[in-house]
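Remarks on the structure that follows.
The values are calculated or read from the model by the stated rules, or taken from the named source; none is laboratory data. Note that the structure is predicted; figures quoted are calculated from it, not measured. Cβ coordinates were reconstructed from backbone atoms using ideal geometry, including for glycine residues, and neighbour counts include every protein chain displayed. These area figures cover heavy atoms from the full protein model, side chains too; ligands, DNA and RNA do not enter into them. Shrake-Rupley method; radii C 1.70, N 1.55, O 1.52, S 1.80 Å.
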Amino acid sequence: MWDTRKKKQGWALRHKLLVLPVGLLLLSACSSGGYVPDAGHGSTAADGATTAGLVIDSVSPARGPSTGGIKVAVRGRRFESDFRVAFAGVDATQVSLTSEEELSVTLPPSPGKLGLVEVKVRRPDGKEAARSDLFSYYPGQLSFGTPRTFAVDSKPSRLALGDLNGDSKLDLVVASRTAGSLSLLSGKGDGSFDPFRRVSVSGTPTALLLSEVTSDQALDVMVACDGGGASVWLFAGKGDGTLLPARSLVSAQAATMAGGDYNGDGKYDLAVPYFAFAANGIGFLNGRGDGTFMNNGSQSLPSGSFGISSADFNADGKADLAVTLYDDSTVGIMLSQGSKFGSPRLVPAGAGPHGVVAADVNGDSKADLVVSDPDGGALRVLLGKGDGTFQPAVMLPTGGSTPQPVVAVDLNLDGLLDLITVNVGSAGTVTVMLGKGAGQFAPPQQITAPGTHSDVLAADVNGDRLPDLLLPVSSGAMVSVLLNTSR
């Protein structure tokens, strides 16, 4: 048991709930995105050659918006100035010969096709070369459908997705803070869910993790709680969408937790920041692979935490931790030492850092951090240097009040990570910032989503490869699903 005997001052802050790290069971925070990820980058092939030796070797960039209008380089052999270039059967404009091996063109709008399309180069005499594996259209306009609502227990606050019944469709787990319960909804694979089944939780649930920890190939549910007698609970999955009775893993008041193989033994472990007056800290539980865990001790923290995420920050092949420290205005970076973690190195991260997600937002293969700063009304991006240190935080105002959860995912399948947050002080919207590459983001877009929300998930729940949005309507008894209709 970790010391939680006394109450933390200002504990009203813990009612600001935090999104869980992305990438456990939903979507990888570093998802490559796209209908066919990284199609055509640097690839070469002999198909596409004609008897005249005309060949297409590559197309750069290998993705383009369905609205067209960007410059594209088509590289190959035996090109001349009077050639025509077509994408999905539509002729490109402004075709110019850069060299015998490259044509520069302006991409035409897609004729309604997304994903991989045929690229064709044609000579005036009709001879041509074509490739269908080098270029993909992605949606040029981000849009979401009208919210669809599904009933759950009252005042839902936390969400998690995973296949609980083995049908290869995402199911939904919803924690209701005030009701002290979980709602289990089986997914149909078309963006809809079956009526919920209620599971009681002893305590006030604040965080969820889904993973297989009992070696039976069925997903299990872990729930962190606060309040009197709070524990971290394990609900072992039966593989049919139902759960076994809860078993307490440790007594602790927690607002968040993270999971992964933290000691390199191939088994799922837990890291749980906990609250205790004058004794805040983070505790570690090493999994044994059978649903039981061994207490691996704890470390003190200078503040309570609402957010934790893990990634390899120093390129040593081991998972490290980033923990937000709200009262300290920092993020604590805890580098793995194998079986233990080092003491936190404190990195400034805004007025009151809350949520955090680790993701490579600038494409340099180094883990970066995106931190929500509700007191500053912004997200803050800290680019990783690859050695466990980070560049100073860059502030991204959200255009709303009190952003808390933060998610990094490729919403429009252009191969660049986008950011999503919920401004819990501004009801009725979700904020999206589209990635522009190199760690840069477009100004915030507000997506209409009636009600107040304390969490957000992004995942493809209808099978079209576009990530959809799921939000608990914290002021009612439902979850909203916004299907991604981008085209």
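Output the residue which, of all residues in segment 86-145 that are at pLDDT 95 or above, among the charged types (D, E, K, R) and within 28 Å of residue 486 (Cα to Cα), is surrounded by the most Cβ atoms within 10 Å (Cβ to Cβ).
In this case the residue turns out to be 131.
Please tell me if residue 154 is hydroxyl-bearing (Ser, Thr, Tyr) and part of a strand (DSSP E or B).
Working: hydroxyl-bearing (Ser, Thr, Tyr): yes; part of a strand (DSSP E or B): no.
In short, no.
Criterion first (surrounded by 15 or more Cβ atoms within 10 Å (Cβ to Cβ) and either part of a loop (DSSP other than H, G, I, E, B) or among the hydroxyl-bearing types (Ser, Thr, Tyr) (or both)) does residue 254 satisfy it?
On the way: surrounded by 15 or more Cβ atoms within 10 Å (Cβ to Cβ): yes; either part of a loop (DSSP other than H, G, I, E, B) or among the hydroxyl-bearing types (Ser, Thr, Tyr) (or both): yes.
For residue 254, the condition - surrounded by 15 or more Cβ atoms within 10 Å (Cβ to Cβ) and either part of a loop (DSSP other than H, G, I, E, B) or among the hydroxyl-bearing types (Ser, Thr, Tyr) (or both) - is met.
Between residues in segment 391-412 that are over 13 Å from residue 453 (Cβ atoms) and outside any strand (DSSP E or B) and residues that are among the acidic types (Asp, Glu) and open to solvent by less than 30 Å² (accessible area, probe 1.4 Å), which pairs lie under 6 Å by C-beta distance while being six or more apart or on different chains?
411/418
Pull up segment 168-178, narrow it to residues that are among the small types (Gly, Ala, Ser) and open to solvent by less than 30 Å² (accessible area, probe 1.4 Å), then point me to the one that is nearest to residue 158 (Cα to Cα). First the steps, then the outcome.
So the first thing to find is which residues in segment 168-178 are among the small types (Gly, Ala, Ser), and the list is 168, 175-176.
From what is left, the residues that are open to solvent by less than 30 Å² (accessible area, probe 1.4 Å) are 175-176.
Working: 175: 5, 176: 7 Å.
Among them, the one singled out is 175.
Starting from residues that are modelled with pLDDT of 95 or more and in contact with a Phe, Trp or Tyr (Cβ under 7 Å, 6 or more places away or on another chain), keep the ones in segment 448-480 and report whichever is surrounded by the fewest Cβ atoms within 10 Å (Cβ to Cβ).
Among residues in segment 448-480 that are modelled with pLDDT of 95 or more and in contact with a Phe, Trp or Tyr (Cβ under 7 Å, 6 or more places away or on another chain), the one surrounded by the fewest Cβ atoms within 10 Å (Cβ to Cβ) is 478.
Quick one: residue 484 ticks every box in (1) within 17 Å of the chain's Cα centre (by Cα); (2) surrounded by fewer than 21 Cβ atoms within 10 Å (Cβ to Cβ) except a single one, so which number is it?
Every condition holds for residue 484 apart from (2).
Only one residue in 150, 135, 144 is under 20 Å from the mean Cα position of the chain (by Cα) and among the aromatic types (Phe, Trp, Tyr), so which one is that? Let's see the steps before the verdict.
Numbers: 150 fails: under 20 Å from the mean Cα position of the chain (by Cα); 135 fails: under 20 Å from the mean Cα position of the chain (by Cα).
Going through 150, 135, 144 in turn, just one is under 20 Å from the mean Cα position of the chain (by Cα) and among the aromatic types (Phe, Trp, Tyr): 144.
Working carefully through the options 314, 295, find the one that is surrounded by fewer than 22 Cβ atoms within 10 Å (Cβ to Cβ) and touching an Asp or Glu at 6+ places or on another chain (Cβ under 7 Å). Working first, answer last.
On the way: 295 fails: touching an Asp or Glu at 6+ places or on another chain (Cβ under 7 Å).
Every option except 314 fails the conditions.
Across segment 212-247, what is the number of residues that are touching a Phe, Trp or Tyr at 6+ places or on another chain (Cβ under 6 Å), open to solvent by 20 Å² or more (accessible area, probe 1.4 Å) and not in a loop (DSSP other than H, G, I, E, B)? Step through it out loud before you land on a result.
Taking segment 212-247 first, the residues touching a Phe, Trp or Tyr at 6+ places or on another chain (Cβ under 6 Å) are 213, 221, 223, 243, 246.
Next, only the ones that are open to solvent by 20 Å² or more (accessible area, probe 1.4 Å) stay: 243, 246.
After this cut, where a residue has to be not in a loop (DSSP other than H, G, I, E, B) as well, the list is 243.
So the answer is 1.
Return only the number of the condition from (1) under 24 Å from the mean Cα position of the chain (by Cα); (2) open to solvent by 30 Å² or more (accessible area, probe 1.4 Å) that residue 164 does not satisfy.
Here residue 164 clears every test but (2).
Looking at (1) part of a loop (DSSP other than H, G, I, E, B); (2) touching a Ser or Thr at 6+ places or on another chain (Cβ under 7 Å); (3) on the phi < 0 side of the Ramachandran plot, can you tell me which one residue 67 breaks?
Every listed condition holds for residue 67 apart from (2).
Where in segment 299-369 are the strands (runs of 3 or more DSSP E), entirely inside, with at least 2 residues that are among the hydroxyl-bearing types (Ser, Thr, Tyr)?
Numbers: elements: 308-311, 320-325, 330-334, 345-348, 356-359.
Per the criteria, 308-311.
Quick check on my filter: what residues within segment 273-292 are touching a Lys or Arg at 6+ places or on another chain (Cβ under 8 Å), open to solvent by 60 Å² or more (accessible area, probe 1.4 Å) and at pLDDT 95 or above?
Once the filter is applied, which keeps residues that are touching a Lys or Arg at 6+ places or on another chain (Cβ under 8 Å), open to solvent by 60 Å² or more (accessible area, probe 1.4 Å) and at pLDDT 95 or above, segment 273-292 yields only 288.
Which ones in segment 414-427 are at pLDDT below 95 and either in a strand (DSSP E or B) or closer than 18 Å to residue 483 by Cβ (or both)?
Of everything in segment 414-427, just one residue is at pLDDT below 95 and either in a strand (DSSP E or B) or closer than 18 Å to residue 483 by Cβ (or both), namely 423.
Can you confirm whether segment 180-198 contains a residue that is of a type in the set (A, V, I, L, M) and open to solvent by 30 Å² or more (accessible area, probe 1.4 Å)?
Kept after step one, since they are of a type in the set (A, V, I, L, M), are these residues of segment 180-198: 182, 184-185.
Right, trim to open to solvent by 30 Å² or more (accessible area, probe 1.4 Å) and you get none.
The answer is no; no qualifying residue exists.
Read through the list (1) part of a strand (DSSP E or B); (2) over 20 Å from residue 230 (Cα atoms), then give the number of the only condition that residue 182 fails.
The number of the failed condition is (2).
Does segment 258-267 hold any residues that are open to solvent by less than 50 Å² (accessible area, probe 1.4 Å) and either among the small types (Gly, Ala, Ser) or free of Cβ contacts under 8 Å to residues at least 60 places away in the same chain (or both), and which are they?
Kept after step one, since they are open to solvent by less than 50 Å² (accessible area, probe 1.4 Å), are these residues of segment 258-267: 258-260, 262-263.
Listed by number, the residues that qualify are 258, 259, 260.
Name the residue, out of 405, 374, 348, that is modelled with pLDDT of 95 or more, touching a strand residue (DSSP E or B) at 6+ places or on another chain (Cβ under 9 Å) and open to solvent by 30 Å² or more (accessible area, probe 1.4 Å). Don't jump to the end; show me each part of the working.
Details: 405 fails: open to solvent by 30 Å² or more (accessible area, probe 1.4 Å); 374 fails: open to solvent by 30 Å² or more (accessible area, probe 1.4 Å).
Step by step, each of 405, 374, 348 is checked, and only 348 is modelled with pLDDT of 95 or more, touching a strand residue (DSSP E or B) at 6+ places or on another chain (Cβ under 9 Å) and open to solvent by 30 Å² or more (accessible area, probe 1.4 Å).
Is there a residue being in a strand (DSSP E or B), hydroxyl-bearing (Ser, Thr, Tyr), farther than 24 Å from residue 305 by Cα and at pLDDT 95 or above anywhere in segment 192-200?
Filtering segment 192-200 down to residues in a strand (DSSP E or B) leaves 193, 197-200.
Retained after the next criterion (residues that are hydroxyl-bearing (Ser, Thr, Tyr)): 200.
Checking which are farther than 24 Å from residue 305 by Cα leaves us with 200.
From what is left, the residues that are at pLDDT 95 or above are 200.
For segment 192-200, residues in a strand (DSSP E or B), hydroxyl-bearing (Ser, Thr, Tyr), farther than 24 Å from residue 305 by Cα and at pLDDT 95 or above: present.
If you check 301, 270, 325, which single one turns out to be touching a residue at least 24 places away in the same chain (Cβ under 8 Å) and open to solvent by 10 Å² or more (accessible area, probe 1.4 Å)?
Numbers: 270 fails: open to solvent by 10 Å² or more (accessible area, probe 1.4 Å); 325 fails: open to solvent by 10 Å² or more (accessible area, probe 1.4 Å).
Selected residue: 301, the only one of 301, 270, 325 that is touching a residue at least 24 places away in the same chain (Cβ under 8 Å) and open to solvent by 10 Å² or more (accessible area, probe 1.4 Å).
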